[in-house]
Amino acid sequence: MKFPKKLQGANSLLAKSLTKAIFEELKEKKTTNNFTLKKVIKSGVKNIDSSIGAYAGDKETYTVFAALFDKIIAEYHNFKKEDLHQSNLNPEDLFAPNLDIEGKYIISTRIRVARNIKDVSLGTAILKKQRNEIENRVSTILKSLKGELAGKYYALKGMRKEEKESLISNHFLFKSDDRFLEAAGLHRDWPNGRGIFHNNDKTFLVWINEEDHLRIISMQQGGNIKEVFVRLVHAIEKIQQKIDFAYDKHLGYIATCPTNLGTAMRASVHIKLPKLGENKKTFKVIADKYKIQIRGIDGEHSKSKENIYDISNKQRLGVSEVACVQDMYYGVVALIKKEKELENNTKLTSK
Ligand code: ADP
Ligand code: CIR
């Protein structure tokens, strides 16, 4: 394998981290499951506009290819090799009174965590049989949940086109055309083994075998962040009673993408910010200051529509779950404050 020239000049963390020396050190290495450097970097080489560009095939990938991943992890999460991960899922420690009671800005709130089953290959390297076993095992466990979490499992295979499209456009289901995941090997045998479980109100959902074995999601309309967090913690506790997830005291929960290590948590709001949308520089300065990420309305790599943005915590490793949500919360407080200031300035100048 030769050094991928295409990476030169690219802006991804892969391109910035994979020096020729690191490439030489890693090019012949593989994990016990045969996950190679070529597979790790395939998505980032094929998609030169990647923001990260590297994926793991198993827990071991993060140690065998540590010379590359440690640099990506340090840059993305501001987390060093010697640091230990920390967890706190106690809702009592979360300060998040509803900051938009009138519902003028915040449209909806969503918090998700990624989980992968201990000692099973990640989706990038998994075999069809193993993927189907996960689907059977996890959907059976989910179907036994009671109370607010009780719901049904919908396999992607055989799902009607209209039903699938409606679930995607209403932000409940993952897309089927993500070229970054495709190049990483995550769409092999599509749509076999994939699906979505949700309760009646679609406030508790689990994606099976998308980018990670499980994505556990709590979401609802409006800005009651605490309610969403409480429901998620309850769901995680119930599921963890039945499944052992891949975990490491340094890296936290193991995820396919290094951005999702640690808490594997992304807490987000969909929020309407027309004034900040016109002042992209100010928007970005606030986002960087509060360590929050701006995405479009249809998730990663999508565009904003009607001035609605997806605002979420950026760091997931080396910070607790409560801290992830708190990062998003304070970021949103700052954004709403600025949006109001800009609204007032417009009113004054138009008088
Ligand atoms: P993930 O958050 O799981 O990494 P994406 O960024 O692709 O993945 O988002 C997945 C879906 O969740 C998308 O349809 C996106 O619009 C939706 N979503 C994310 N945050 C919110 C939110 N606060 N309210 C409603 N839908 C959301
Ligand atoms: C990229 O590098 O742009 C994609 N592979 C996505 C990276 C982070 N997002 C994710 O894992 N959902």
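The values are calculated or read from the model by the stated rules, or taken from the named source; none is laboratory data. Because the structure is predicted, anything quoted here is derived from the model rather than measured. Surface areas here come from the heavy atoms of the whole protein model, side chains and all, with no ligands, DNA or RNA. Shrake-Rupley method; radii C 1.70, N 1.55, O 1.52, S 1.80 Å.
Note on surface exposure: 207, 190 rank 190, 207 by accessible area, highest first, 1.4 Å probe. Measuring with a 1.4 angstrom probe and ignoring ligands and nucleic acids, residue 133 comes out at about 100 Å² accessible.
If one computes the Cα centroid of the range 314-343 and of the range 113-152, what distance in Å separates the two points? Cα centres, the range 314-343 to the range 113-152: 31 Å. Counting only lysines at least 8 places from residue 305 when in the same chain, those with an alpha carbon closer than 19 Å to its own are 104, 175, 272, 275, 280, 281, 284.
A 1.4 Å probe, protein heavy atoms only, puts the accessible area of residue 129 near 150 Å².
Accessible surface ranking for 38, 226, 1.4 angstrom probe, highest first: 38, 226. When the helices of the chain are scored as -39500 (n - 2.57) per DSSP H run of n ≥ 4 and the total is divided over every residue, the value at 222 nm lands at -11000 deg cm²/dmol. Using alpha carbons only, how many angstrom separate the centre of the range 249-274 from the centre of the range 32-93? Using only Cα atoms, the two centres lie 12 Å from each other.
Which number comes out as Rg/Rh for the chain once both Rg and the Kirkwood Rh are worked out on C-alpha atoms?
Numbers: Rg = 20.3 Å, Rh = 21.0 Å.
Rounded to two decimals, Rg/Rh equals 0.97.
Span-like helix criteria (full DSSP H runs; alpha carbon extent of at least 24 Å along the helix axis; mean Kyte-Doolittle hydropathy of at least 1.0) are satisfied in the chain by no helix.
Of the solvent-accessible surface of the chain, computed with a 1.4 Å probe and all protein chains present, 50% belongs to carbon and sulfur.
For residue 248, the accessible area of its heavy atoms, probed at 1.4 Å with every protein chain present, is near 40 square angstrom.
Send over a whole-number figure in Å² for the accessible area per residue of the range 23-115, probe 1.4 Å. Spell out each step's value before the answer.
Working: 4620 Å² over 93 residues.
Heavy-atom accessible area per residue stands at 50 Å².
Filter 30/249; 59/303; 16/59 down to the pairs with a C-alpha to C-alpha distance above 25 Å, please. Let's see the in-between values first.
Values: 30/249 23 Å; 59/303 33 Å; 16/59 23 Å.
Too far apart for the 25 Å limit: 59/303.
Counting pairs of alpha carbon atoms under 8 Å apart in space and at least six apart in sequence, what relative contact order in percent does the chain give? The value is 21 percent.
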